[in-house]
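Working notes, structure below.
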Amino acid sequence: MDAAEFRKRGKEMVDYVADYLEKIEKRQVFPDVEPGYLRPLIADCAPQDPESFEDVFKDIEKIIMPGVTHWHSPYFFAYFPAASSFPALLADMLCGGIGCVGFSWAASPACTELETVMLDWLGKMVNLPEEFLAGKDGQGGGVIQGSASEATLIALLAARTKTIRQVQSEKPELTEAEIMGRLVAYASDQAHSSVERAALIGAVKIKNVPSDDTFSVCGSALKKVLDEDKAAGLIPFFFCATLGTTPCCSFDKLLELGPICNKENVWMHIDAAYAGSAFICPEFRHLLNGVEFADSFNFNPHKWLLVNFDCSAMWVKKRSDLTGAFKLEPLYLQHHHQESGLVTDYRHWQIPLGRRFRSLKLWFVLRMYGVKGLQEHIRKHIRLAHQFEHLVLQDERFEICAEVVLGLVCFRLKGSNELNEALLKSINDAKKIHLVPCHLREKFVLRFAICSRTVESTHIKFAWQHISQLATDLLKTWEQNNHQQ
């Protein structure tokens with residue numbers, strides 16, 4: 001393919017993507033395929049001779065689309081949102097076209113410097129304390145990671161290195177292995193599984209801190225486990241607080257937890273993967289109060305801020321905590337500006353060496369929507385969540401299982417877990433809408449997340465009527481079965 005054909009085919013692909021997104025609600029939200037569906041549809045091995053673009057293009061609808069779960073459908077209410085917008089897609093195209101690998105300032109100065117400035121823009125939008133911003137000569141700063149899971153792992157590894165060095169300076173008789181064996185990380189029993197996975201990769205113990213009746217961790221619960229572990233000779237070093245938990249969007253009590261972490265010399269990382277985008281709205285910023293006590297903070301613009309995957313924003317108070325843990329300087333990666341103090345080499349802030357020009361997506365979206373446009377997007381989703389909550393509360397057969405704060409509603413039929421499992425199965429088997437469940441304490445709960453950029457009130461009403469009718473049918477069947485028994 002030469003440049004002339006690329007121009008032609010590029011326009012065709014843009015038209016295809018625009019048509020796909022404009023007409024997405026006509027597609028069934030969840031595919032009708034079984035595992036292994038794809039292999040029989042394609043050749044056993046790569047072709048020896050080139051194929052035409054037309055042949056590849058026609059196979060998109062024939063082979064790929066039948067197996068796609070349509071995350072951007074207004075009938076997709078599962079997980080949390082996967083952000084997307086036309087400005088972000090265009091920026092991603094430019095990122096691919098430039099094709100730089102921005103591991104250092106010298107590898108592409110614009111790639112590095114735009115990221116630093118965009119993370120400052122974003123930090124100011126959520127009113128982060130000044131010390132988290134790079135500014136012109138700050139000690140903190142932001143970086144784009146691939147996911148919140150990576151951000152948590154980075155924070156845990158940096159905290160581990162910092163603690164080991166600190167303990168060794170105080171107790172030089174202890175080996176690194178002895179210290180490692182005594183380190184303990186902590187997170188809520190509602191925290192995402194990626195926190196436990198970070199501890200697994202970081203080869204440290206992790207303990208769940210019990211959450212309260214609102215599924216939040218409070219200060220007294222954390223202090224209790226820290227005191228017990230210190231008395232047993234263990235070394236608490238890391239706590240991951242969650243703002244907007246995956247099961248029910250609950251919020252750990254930062255204003256209680258932060259001072260304890262600071263006093264006990266425990267690194268506090270805040271995982272606000274989904275909820276963080278809402279903090280650009282002044283009426284939700286109070287949910288971030290206490291961030292001033294944290295060492296690191298992360299949220300995903302690729303969930304709820306119209307920047308398509310991957311773009312996970314992470315800030316640290318002291319960037320030397322990251323570079324101190326990950327910095328290696330082989331000659332082939334060095335450049336003559338690196339000691340100037342004016343440049344950032346982001347390879348020292350992350351696990352991989354290479355990185356894409358992801359800040360272009362933020363730059364395009366923040367400029368083309370503006371803060372007001374993004375605030376309206378968030379507020380609309382939250383209004384729709386409350387609309388669904390209101391519909392559920394009007395039906396005495398159902399109950400709401402957690403406070404609706406942002407764009408997630410946790411609900412269930414009053415009754416057994418088996419009944420609710422059957423309801424979810426009937427919803428997802430019908431493939432009109434798509435939901436996923438969670439467990440809250442011992443209850444099997446259905447999660448209804450407002451996800452699509454294009455979702456409207458009519459889609460919420462349709463979803464509720466559909467769920468309500470399936471519940472009616474299910475309850476009749478269950479009553480008949482009970483009578484027969």
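Data for the structure
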| quantity | calculated |
| --- | --- |
| Exceeding the 25 Å Cα-Cα cut-off - candidates LYS8/LYS58; LYS253/LYS361; LYS263/LYS318; LYS263/LYS303; LYS207/LYS303; LYS205/LYS230 | LYS253/LYS361; LYS263/LYS303; LYS207/LYS303 |
| Ratio of the Cα radius of gyration of the chain to 2.2 N^0.38 Å, where N counts its residues | 1.06 |
| Cα gyration tensor shape of segment 100-356, rounded if a/c is under 1.5, else prolate or oblate by comparing a/b with b/c | oblate |
| Relative contact order (%) - criterion: Cα under 8 Å, at least six apart; region: the chain | 22 |
| Unit charges on C-beta of K, R, D, E only; dipole of segment 62-136, Debye | 320 |
| Neighbour net charge for ARG453 - beta-carbon separation under 13 angstrom, K R +1, D E -1 | -2 |
| Accessible-area composition of the chain, carbon plus sulfur, in percent [1.4 Å probe] | 56 |
| HN-Hα J in Hz across segment 452-467 - Karplus 6.51, -1.76, 1.60, θ = phi - 60°, x for Gly and Pro | 6, 4, 9, 5, 10, 4, 4, 5, 5, 4, 4, 4, 5, 4, 5, 4 |
| Dipole of the chain, positive end: most advanced residue of GLY370, LEU406, LEU446 [Cβ charges, Cα centre] | GLY370 |
| Heavy-atom accessible area per residue - segment 100-356, 1.4 Å, Å² | 40 |
| Centroid-to-centroid separation of segment 66-96 and segment 408-440 [C-alpha atoms, Å] | 24 |
| Total formal charge among the other residues, if their Cβ is under 10 angstrom from that of PRO81, Lys/Arg +1 and Asp/Glu -1 | +2 |
| Size of electric dipole in segment 100-356: Cβ of Lys, Arg +1 and of Asp, Glu -1, about Cα centre, debye, nearest 20 | 240 |
| Of SER312, ILE206, ALA294, farthest towards positive along the dipole that unit charges on Lys, Arg, Asp, Glu beta carbons give segment 166-317 | SER312 |
| Directionally averaged shadow of segment 234-278, computed from the convex hull of its alpha-carbon atoms, nm² | 3.6 |
| Sum of side-chain charges, SER147 neighbourhood, beta-carbon under 14 Å (Lys, Arg +1; Asp, Glu -1) | +2 |
| Listed residue (CYS249, MET180, SER216) projecting farthest to the positive dipole end of segment 100-356, Cβ model | MET180 |
| Value of [θ]222 nm, deg cm²/dmol, for the chain, DSSP H segments ≥ 4, -39500 (n - 2.57) each, nearest 500 | -14000 deg cm²/dmol |
| Euclidean distance of C-alpha centroids, segment 243-282 and segment 138-196, integer Å | 17 |
| Nonlocal amide H pairs with LYS207, under 5 Å, H built at 1.01 Å | ALA185, TYR186, ALA187 |
| Residues of type aspartates and glutamates that LYS317 reaches as a straight line, Cα spacing below 13 Å, ignoring anything fewer than 8 places off in the same chain | ASP120, GLU130, GLU131, ASP137, GLU292, ASP295 |
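The values are calculated or read from the model by the stated rules, or taken from the named source; none is laboratory data. Not measured: the values here are computed from a predicted model. Quick reminder, even Gly has a Cβ in these numbers, built from the backbone with ideal geometry, and neighbours come from all protein chains shown. Heavy atoms of the whole protein, side chains included, go into the accessibility calculation; ligands, DNA and RNA do not. Shrake-Rupley method; radii C 1.70, N 1.55, O 1.52, S 1.80 Å.
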